[in-house]
Amino acid sequence: MADDLKPIDTANIEVPKEVFALYDAYCHGDLSRRAFFSKLSTYAVGGLTVSMLAACVMPDYGRAQTAEGEAELSEETAAYTSPTGAGDMSGYLVRPANAKGKLPGIIVVHENRGLNPHIRDVTRRAAKAGYVAFAPDALFPLGGYPGNDDDGRALQAQRTAPEMIEDFMAAAEFLRDHPYTNGKIACTGFCFGGAVTNIMAVRQPWLKASVPYYGGWPPAEDAAKVEVPLQIHLAGNDTRVNDGWVPYKAALDAAGKPYELHMYDGLEHGFHNDTTPRFNPEGAALAWSRTLDFFAKHLA
């Protein structure tokens, strides 16, 4: 598996932008694993090997900012039902261990590979900020996240997007009605998860806020249905996603819908994900601080 590559010190390797583009295509199913590694060989020059280049863009979950089992957090696996989706579902529920009373909740929507260690880490970060955070696993009906992103991506491709969207919306309703929360719920998501949170903002007007990170867009005609405050984070070097923002922005503007847009010039798709070298520490820290400020404003 690609995630099983031997560890390589990538700190001083300058990754060609074309390699990031190849990885982006691979992540989103436009390149097979074989084609991805074959095309990497074009850039294996000047002492670089294919393995080195692959290590530069594959996730390293040892970089997590938080750890499971920290005393300040209470963590559990929570089951819920998605009546119009997959039926029985499950997710990762985290809250401050010393919480007194009910708290607002945050739904964290994963990328296109299931509830991997990075998204679990982000869920803990949201809980550390004072929220009940819940990250559903779209792969639960297929056995759950399989332990590596390659297999996770293949499993998620076996599910349909409409059914998974129903599962995430059911998760938001589950968290809204949970005894840990006060009913005030927001959502955030990354890549596939960003697209889902955009759709949730259209279809769940009771949400208090939606913060999509570099995700796809609903049909432009749905922009007029948005009643949820939006804070949108985009990477400057992400043509695939940003091209779709242009018509959706025009539709939001035409409907008079307010939103915040933060464009991070020069950064790559996935810049918030600290498990790959696409990660940009300054951009990620700024985006997350803006996210938490937005949640604090709308979940108060």
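Count of the range 117-148 residues, restricted to those that are within 20 Å of residue 289 (Cβ to Cβ) and not in a strand (DSSP E or B), is 13.
Determine, yes or no, whether residue 209 is aliphatic (A, V, I, L, M) and more than 15 Å from residue 192 (Cα to Cα). Answer is yes for this residue.
Every residue, every condition in (1) surrounded by fewer than 18 Cβ atoms within 10 Å (Cβ to Cβ); (2) of a type in the set (Phe, Trp, Tyr); (3) at pLDDT below 95; (4) over 25 Å from residue 298 (Cβ atoms), yes or no:
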site: 110; (1), (2), (3), (4): no, no, no, no
site: 124; (1), (2), (3), (4): no, no, no, no
site: 131; (1), (2), (3), (4): no, yes, no, no
site: 147; (1), (2), (3), (4): yes, no, yes, yes
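Checked against (1) modelled with pLDDT of 95 or more; (2) in a helix (DSSP H, G or I); (3) within 18 Å of the chain's Cα centre (by Cα); (4) more than 26 Å from residue 205 (Cβ to Cβ), residue 151 passes all but a single condition, namely (1).
If you take the residues of the range 223-239 that are outside any strand (DSSP E or B), touching a Phe, Trp or Tyr at 6+ places or on another chain (Cβ under 9 Å) and not aliphatic (A, V, I, L, M), which of them is surrounded by the most Cβ atoms within 10 Å (Cβ to Cβ)?
This residue is 238.
Within the range 168-219, the residues that satisfy the criterion of being closer than 18 Å to residue 89 by Cβ, under 14 Å from the mean Cα position of the chain (by Cα) and either at pLDDT below 95 or not in a helix (DSSP H, G or I) (or both) are 187, 189.
Sub-9 Å Cβ pairs linking a first residue in the range 170-198 that is under 14 Å from residue 299 (Cβ atoms) to a second residue that is assigned to a helix (DSSP H, G or I) and of a type in the set (Asp, Glu), at least 6 apart or interchain, are 185/173, ordered by first then second residue. Residues of the range 186-195 include at least one that is under 22 Å from residue 105 (Cβ atoms), hydroxyl-bearing (Ser, Thr, Tyr) and either outside the structural domain of residue 75 (by TED's automatic domain parsing) or buried (at least 24 other Cβ atoms within 10 Å of the Cβ) (or both).
Within the range 251-262, can one find any residue that is surrounded by 14 or more Cβ atoms within 10 Å (Cβ to Cβ) and small (Gly, Ala, Ser)? Yes, the range 251-262 has at least one match.
Just so you know, in the range 80-108 the residues that are modelled with pLDDT under 95 and of a type outside the set (Gly, Ala, Ser) include one that is surrounded by the fewest Cβ atoms within 10 Å (Cβ to Cβ), and it is 100.
Every test in (1) among the β-branched types (Val, Ile, Thr); (2) touching a residue at least 24 places away in the same chain (Cβ under 8 Å); (3) over 23 Å from residue 151 (Cα atoms) is passed by residue 45 save one, and that test is (2).
Taken residue by residue, the range 75-83 has at least one member that is under 19 Å from residue 196 (Cα atoms) and assigned to a loop (DSSP other than H, G, I, E, B).
The values are calculated or read from the model by the stated rules, or taken from the named source; none is laboratory data. Just so it is clear, the model here is predicted, and its values are computed rather than measured. Quick reminder, even Gly has a Cβ in these numbers, built from the backbone with ideal geometry, and neighbours come from all protein chains shown.
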